Amino acid sequence: MSLAQVADYVPTELAVGRGGGGPAPTRIVVAYGFWIFLLSDIIMFSGMFAAYAVLSGNTAGGPSGRELFDLRNVFIETACLLFSSYTCGLGALSAERQRPDSFYLFAALTFVLGGAFLGIEISEFAGMVGRGAGPSRSAFLSAFFTLVGTHGAHVTTGLLWLAYMVAQVLVKGLRPHVLRRLLCFSLFWHALDIVWIGVMTLVYLMGAR
């Protein structure tokens, strides 16, 4: 029996790989990979939340959250971020329905609201440092700046990512691979909302009591 005849007897699933399906589609690989990234990010923030909970009472004679936090600004920040999540979702739906003009509008609103959130946070940090309450003042402030600052860095990354995605839509249109990237961005932005709710509750509301 020749090699060609032997090959005829090889089962199809062995010929194409385990399971007979070959490599997984790109959309599935991207989805699983991005969910793993988000879960690892959540784990990182969980560690920061735990560290803050342990160190929040160690003020070393310096100011506490009750003296430093302005809940009015915190509520404005929260409203900006939550509403930006809403506009982000509307932008993703517009992209799925192949409505680029609506997508650009909602992307612009998301960017403005995210920028407003970031501006308020930077102003808060600058005010605290100006009052001598920088991250080196106490363990409480070190944990505060690390946790809140890391979330702010993620928001900054999200804004840069959003600007890049708008540029991609302008150049390439709403193609399937662009829509996949927009979906990943949308999941990332919504995850930042979830983390911020934890920050607002544990850091600001409990710290201002």
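Using heavy atoms of the protein chains and a probe of 1.4 Å, the accessible area assigned to ILE36 is about 110 Å².
Exposure check, 1.4 Å probe, all protein chains in place: GLU96 carries approximately 110 Å² of accessible surface.
Each Lys and Arg adds +1 at its Cβ and each Asp and Glu adds -1 at its Cβ; summed about the Cα centre, the range 26-207 shows a dipole of about 480 debye. Under Stokes-Einstein, with the Kirkwood radius over Cα pairs as Rh, the value for the chain at 4 °C and 1.567 mPa s is 65 µm²/s.
Rg to Rh for the range 102-209: what is it, with Cα atoms only and Rh by Kirkwood? Could you put the intermediate results ahead of the total?
Numbers: Rg = 16.7 Å, Rh = 15.5 Å.
Answer for the range 102-209: 1.08.
What's the FRET efficiency of ILE42 with LEU105 using the Cβ-Cβ distance as r and R₀ = 35 Å, to the nearest 0.05?
Values: r = 31 Å, r/R0 = 0.87.
Taking R0 as 35 Å, the efficiency between ILE42 and LEU105 is 0.70.
Computed over the range 26-207, relative contact order equals 34 percent, with contacts defined as Cα pairs under 8 Å that lie 6+ residues apart.
In the Gaussian network model of the chain, springs joining C-alpha atoms below 10 Å, which of LEU81, LEU109, LEU39 carries the largest mean-square fluctuation? So, out of LEU81, LEU109, LEU39, the one fluctuating most is LEU39. Take the chain, connect every pair of alpha-carbon atoms lying under 10 Å apart with a spring to form a Gaussian network, then pick out the residue of GLY119, GLY61, GLY134 with the largest mean-square fluctuation. In the Gaussian network model the winner is GLY61. Considering only GLN98, VAL148, GLY65, the residue lying farthest towards the positive end of the dipole of the chain is GLN98, judged by Cα position with unit charges set on Cβ.
The values are calculated or read from the model by the stated rules, or taken from the named source; none is laboratory data. The model shown is predicted, which means the values in this text are computed figures rather than measured ones. Using ideal geometry, Cβ is built from the backbone for each residue, glycine included, and neighbour counts are taken over all protein chains shown. All accessible areas refer to the heavy atoms of the entire protein, side chains included, with ligands and DNA or RNA removed. Shrake-Rupley method; radii C 1.70, N 1.55, O 1.52, S 1.80 Å.
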